[in-house]
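See structure below.
The values are calculated or read from the model by the stated rules, or taken from the named source; none is laboratory data. Nothing here was measured: the structure is a model prediction, and the numbers come from that model. All Cβ positions, even for glycine, are placed from backbone atoms using ideal geometry, and neighbour counts span all protein chains on display. Each accessible area value is taken on the protein alone, full model and side chains, heavy atoms only, with ligands, DNA and RNA left out. Shrake-Rupley method; radii C 1.70, N 1.55, O 1.52, S 1.80 Å.
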Amino acid sequence: MVAFSATHCRSYSYSHSSSINGGQNQRFSFSSFSRLSVPAKAIRNSHQTVVLMQDGVVATKVTPVEKETPKEKLKDELLSVTSTKEWDEKAGFDSNENESAVSITVVGASGDLAKKKIFPALFALYYEDCLPKHFTIYGYARSKMTDAELRHMVSKTLTCRIDKRENCSEKMDQFLKRCFYHSGQYDSEENFAQLDKKLKKHEGGRVSNRLFYLSIPPNIFIEAVKCASSSASSGNGWTRVIVEKPFGRDSESSAVLTKSLKQYLTEDQIFRIDHYLGKELVENLSVLRFANLIFEPLWSRRYIRNVQIIFSEDFGTEGRGGYFDNYGIIRDIMQNHLLQILALFAMETPVSLDAEDIRNEKVKVLRSMRPLRLEDLVIGQYKSHSKGGVTYPSYTDDKTVPKDSLTPTFAAAALFIDNARWDGVPFLMKAGKALHNKGAEIRVQFRHVPGNLYNRNFGTDLDRATNELVIRVQPDEAIFLKINNKVPGLGMRLDRSNLNLHYAARYSKEIPDAYERLLLDAIEGERRLFIRSDELDAAWALFTPVLKELDEKKIIPESYPYGSRGPVGAHYLAARYNVRWGDLDIEQ
């Protein structure tokens, strides 16, 4: 089956998609948001040849039909019927049979993630006319709730785009009319069968495409997937499942989870979501590198001294300690968000922008990395601190956290890629809660200029003369390059300045939330920003040994005050590799 769909918010894309029962689809999407060159491809059936030209024009060449089908014969007899719909009705065919409907089921609809992220992202897609013509959204959870109560809950979290507020209320009303609720247990095939009946009613005989978003704890993933696959999967279209992290706690538990999921789903149906991959500046990484000649020649050990990937939050667990204490900052942030950014940053040029080509290169990077050693890791845990007359709690003051907890709320690590491009270059990661600021950024520090004529102008601090590329992922997205220049005047005084691309100043359009991009990708079958199983295995292989060592040796985290810059040990770790953390620069 070949499906063509047009949206106004995406670039050209092509993907293969599969249904839960193994049926194969091919899917082409066209839009005018941006134009990418696509190779000419031909799709043939018994009636015509469809060719996608380089400029996106669709040309068709009619070929003779060897044998006329009963439907075509009947059509010849009904030449007086001008309307396709009328013709179908006279011929006795369902006019909906060639249309498709998308049903999105948010499993765990009463949870915080669904309320704060998933439903608002779906509304934003609807607001931007990115969702298909025929779509339905169902909330599924154990809580007893009516459709009206779900709509009221969802309406409190919806916002409109800044530049289109004039029709906000109207759009909200239209969106909420597409939202429904079904109460059921996550391990009940009967409850999912009831959901299936409701979905079919809304699909109205159209081709059924179904997306399930598992916004539930990982310990009930498998039961929910089992019930959805046996009782609520599509019979004639695709079925896909979005799975939220954490994907296990280590290599073994992750492998068990993957094996269990694959009892009911194929790999192509599993969309492991890491919302950091949907962030605008992370997606811009490959564009910055591969679409700008000035960067690609510099992107190696020859010119880059170190790379820093930094994540910080200025708040603690604040009542969510029960969940966090089971995982810690390494599993929660470092092993997934930051490692995914590293893989995108360091990968070789992919063969194409196809999802599998990109993911293949990411896997190569992960497999080239050394497993993290304990001596290249610093962990910390925030303690109580008073500032400005306000007392901030320690991690263990959280009532949901055990008083003797050794779970790290901060970690800094030095990682290495053993390949020809990156041999010897330290990749420093840092992630923590209750720090002095909130942000996420990538810092690329270049090597010193050999034989620099102006060294004496910088004194003994050569780091002051180092060029640095900074990609600020959040907040206040920006890309800036630090350069050295002469201060105007008769003397020779040097200054360090930024060549700055500030997104808010350059672009008037609001940056979409990461969940919007990833949900749209899942609907369209685009897997480029989702994590493949072998990629997940390679990521866990890097961190599992040191995580086990931390648990077995009961390593005590270094304390750091709430609102500080983190443990002192992180500075010693960087200094060991002759690196200074870029986010601590007094200019910043």
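Per-residue answers, yes or no, for (1) among the charged types (D, E, K, R); (2) in contact with a Pro (Cβ under 7 Å, 6 or more places away or on another chain); (3) in contact (Cβ under 8 Å) with a residue 40 or more places away in the chain:
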position: Val243; (1), (2), (3): no, no, no
position: Arg249; (1), (2), (3): yes, no, yes
position: Leu261; (1), (2), (3): no, no, yes
position: Ala291; (1), (2), (3): no, no, no
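Inside segment 104-157, can you point out the residues that are among the acidic types (Asp, Glu) and either touching a residue at least 60 places away in the same chain (Cβ under 8 Å) or touching a strand residue (DSSP E or B) at 6+ places or on another chain (Cβ under 8 Å) (or both)?
The initial filter retains those residues of segment 104-157 that are among the acidic types (Asp, Glu), namely 112, 128-129, 147, 149.
Result: Glu128, Asp129, Asp147, Glu149.
Apart from one condition, Glu318 fits all of (1) in contact with a strand residue (DSSP E or B) (Cβ under 9 Å, 6 or more places away or on another chain); (2) more than 26 Å from Phe543 (Cα to Cα); the exception is (1).
Kindly provide the set of residues from segment 392-401 that are surrounded by 11 or more Cβ atoms within 10 Å (Cβ to Cβ) and out of contact with any Asp or Glu (no Cβ under 7 Å at 6 or more places or on another chain), ordered by number.
In the first step, residues of segment 392-401 are kept if they are surrounded by 11 or more Cβ atoms within 10 Å (Cβ to Cβ); the result is 392-398, 400-401.
Residues satisfying the conditions are Tyr392, Pro393, Ser394, Tyr395, Thr396, Asp397, Asp398, Thr400.
State yes or no: is Arg370 closer than 28 Å to Leu529 by Cα, touching a residue at least 24 places away in the same chain (Cβ under 8 Å), of a type in the set (Lys, Arg) and open to solvent by 60 Å² or more (accessible area, probe 1.4 Å)? When the stated conditions are applied, Arg370 passes them. Of the listed requirements (1) under 30 Å from Pro545 (Cα atoms); (2) in contact with a His (Cβ under 7 Å, 6 or more places away or on another chain), Leu415 misses just one: (2). Scanning segment 404-421 for residues being in a loop (DSSP other than H, G, I, E, B) and surrounded by 21 or more Cβ atoms within 10 Å (Cβ to Cβ) gives a total of 3.
Residues checked against (1) more than 23 Å from Leu131 (Cβ to Cβ); (2) open to solvent by 50 Å² or more (accessible area, probe 1.4 Å); (3) under 26 Å from the mean Cα position of the chain (by Cα):
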| position | (1), (2), (3) |
| --- | --- |
| Lys177 | no, yes, no |
| Gly184 | yes, no, no |
| Ser188 | yes, no, no |
| Asp196 | no, no, no |
| Lys201 | no, yes, no |
| Arg206 | no, no, no |
| Asn209 | no, no, yes |
| Tyr213 | no, no, yes |
| Ile220 | yes, no, yes |
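State yes or no: is Ser254 buried (at least 20 other Cβ atoms within 10 Å of the Cβ), outside any helix (DSSP H, G or I) and polar (S, T, N, Q)? Here the answer is no, as Ser254 does not meet what is asked. Being in contact with a strand residue (DSSP E or B) (Cβ under 8 Å, 6 or more places away or on another chain), part of a strand (DSSP E or B) and buried (at least 22 other Cβ atoms within 10 Å of the Cβ), is that true of even one residue in segment 227-239? Yes: one or more hits.
Scanning segment 93-107 for residues that are in contact with an Asp or Glu (Cβ under 7 Å, 6 or more places away or on another chain) and modelled with pLDDT of 65 or more turns up Ala101, Ser103.
Which of the residues belonging to segment 119-143 are among the polar types (S, T, N, Q) and out of contact with any Lys or Arg (no Cβ under 9 Å at 6 or more places or on another chain)? Spell out the reasoning first.
Just the residues of segment 119-143 that are among the polar types (S, T, N, Q), to begin with: 136, 143.
Within segment 119-143, just Ser143 meets the criteria.
Name the pairs whose Cβ atoms lie under 8 Å apart, with the first residue in segment 210-232 and within 17 Å of Ser254 (Cα to Cα), the second assigned to a loop (DSSP other than H, G, I, E, B) and small (Gly, Ala, Ser), and 6 or more positions between them or separate chains? Listed pairs, sorted by first residue: Leu214/Gly108; Ile216/Gly108; Ile216/Gly111; Pro218/Gly248.
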